[in-house]
Amino acid sequence: MNNISSFENYPIRQYRIILAILFLEVLIYFFCDLHPSSFYKNTFIGFEQDPLLWFVYFTGLPQRLLNQIYILYVFDYSILLLMIAVIIKPLNNWYAVLLLILLFIFYCILTAHLGHRNYQSGYLFVLFPFIFRKLKNKQIVFEFTRYFLLFFYVSAAFFKFKSGSIFHTEHLSLAITNQFTPYFLELSNSVRTSFNLFLITHHNFAQTLYVGAVIFEFSMIIGFLTKRYDHYLAVTILIFHLTNWFIMDIAPVGQIAFICTLFFSRKFSWSSQS
Amino acid sequence: MLFFPINNMYSDNRVTDFSTTTYAVKLNSKLVQITNDPYLKKDFSENSLQIFSKWIKADGKDFMTELLERKIIDSVKRISYVNKLTPPKTTIQTWPVWFLSFHNIKTRVGDNIEIWQYRFDLIDNHFILKDSSLITKQTVIHE
């Protein structure tokens, strides 16, 4: 595959940690009954403004797949086996290519049947560096995905400034009004539903949290200037997402491995070799 | 777009008051609970049920139907696109059954499946059920 000297340059242990986190996320999806075979005979689809999904569904491939239960079982097991294979052999790019193709098809199916765009697409991006064989290519692609990740969060802060929502006292209270409605219907009360009600009725406190979240998101801009603080940025974003789950019932499963690459950015990037 | 790193979640607010709406499936008048499911399953159930209910309320039309009607004049081509990019009409009957099987609930001939919309208002710091309306109802005719 590669000569010994270049092989030693690969941060294999760190690759395996990231892939193991990804595997855990995939297992969570499977545990939650969200895997290809669970969509068997589900004919309801809804698309938003994402032409990429339109093209995939225009081929008719997902629709045909969802009528073949045995192929869907093979699809399920292939994802799990390939996940294990990439952890054992993270430098085998073909395992990563196959896994990425399967997870991409799964992402399209999940998003189409969910009916709206899923922001948790990090489980695709995290695999991008692994589909390349040469160390230098992996490093360049990692750089690309790292900036993509940073921009994703910085843009979120930018839009909140641009829309003026950061200056609107009732913004978060209104935005979270819908987040826990099924819990209220089913009387599944918990500390989270109580806190949700508290934030809906205490606008200033809620808005303080919102401004804090925008600052967290905007802090990602530091990553454009230096990699030195990437592990702090990773912790910041993980706290941001954990808080999001608590306050808004939006969990980042599918995004965590991608965020965790920031812990190893100096190992993964080309600058560490220079 | 998937490969476009723009994220404007919660930057604009479409909610203008402190009332809220949710949807639920009932089997033989008994509510199918989703909030005890693992997070991702609950999230998928909630969102897809909401989109499905809105699709029924809009007489089987959605963003894609309207986009294709607007952009593609050639009717043959448009029908081909509609067939691939929008749900078939039979989905109105099949999807509620799929939803129940997704929650490991088997249906039998004669079972009644209903989808309801519930509206809540914030009164005295609590959400109080304001009203409910039936979105669709069907009887299972074969297992």
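No lab work stands behind these numbers, since they all come straight from the coordinates. Quick caveat: nothing in here was measured; it's all calculated off a predicted structure. Ideal geometry is used to build each Cβ from the backbone, glycine not excepted, and the neighbour counts take in all protein chains shown.
In terms of the mean number of neighbouring beta-carbon atoms within 10 Å, the peptides A:123-131, A:81-89, A:246-254, B:74-82 order highest first as A:123-131, A:246-254, A:81-89, B:74-82. Dividing the helix sum by the residues of chain A, where each DSSP H run of 4 or more adds -39500 (n - 2.57), gives a mean residue ellipticity at 222 nm of -20000 deg cm²/dmol. Using every pair of separate Cα atoms, the Kirkwood estimate puts the hydrodynamic radius of chain B at 17.7 angstrom. Rg/Rh, computed from the Cα trace of segment A:5-46 with Rh as the Kirkwood radius, has the value 1.31.
Helices from chain A with mean Kyte-Doolittle at least 1.0 and a Cα length along the axis of 18 Å or more, per DSSP H: which? Span-like helices, by this rule, are A:12-31, A:69-88, A:93-114, A:230-248. Only aspartates and glutamates eight or more places from B:Lys106 in sequence, or on another chain, were considered; those with a Cα closer than 20 Å are A:Asp33, B:Asp37, B:Glu46, B:Glu114, B:Glu143.
All other residues whose Cβ lies under 9 angstrom from that of A:Leu262 are scored, Lys and Arg at +1 and Asp and Glu at -1, for a net of +1. The fraction of all Cα pairs in segment B:52-126 landing in successive 10 Å bins from 0 to the largest distance is 14, 34, 25, 20, 6, 1, given as whole percents. Here is the tail figure for segment A:1-136: Cα pairs spaced more than 18 Å apart come to 57 percent of all pairs. Shown here: segment A:139-274, whose C-alpha atoms stretch 57, 31, 18 Å along the first, second and third principal axes, sorted largest to smallest. Over segment A:52-209, the Kirkwood radius and the radius of gyration, each from Cα atoms, give a ratio Rg/Rh of 1.08. Only helices enter the 222 nm calculation for chain B: every DSSP H run of n ≥ 4 contributes -39,500 (n - 2.57), and dividing by all residues gives -11000 deg cm²/dmol, rounded to 500.
Rounded to the nearest 20, the size of the Cβ-charge dipole of segment A:1-116 about its Cα centre is 240 debye, with Lys and Arg at +1 and Asp and Glu at -1.
Counting only other chain Cβ atoms within 10 Å of each residue's Cβ, the peptide B:48-56 averages 4. Take each residue of peptide B:13-24, count the partner chain Cβ atoms within 10 Å of its Cβ, and average: the result is 5.
Counting, for every residue in B:92-98, the Cβ atoms of other protein chains within 10 Å of its Cβ and taking the mean gives 3.
The overall shape of chain A is oblate: from the C-alpha gyration tensor, with semi-axes ordered a ≥ b ≥ c, the ratio a/c is 1.5 or greater and a/b is no larger than b/c. Counting Cα-Cα pairs of segment A:178-252 in 10 Å increments starting at 0 gives whole-percent bin shares of 17, 41, 26, 13, 3.
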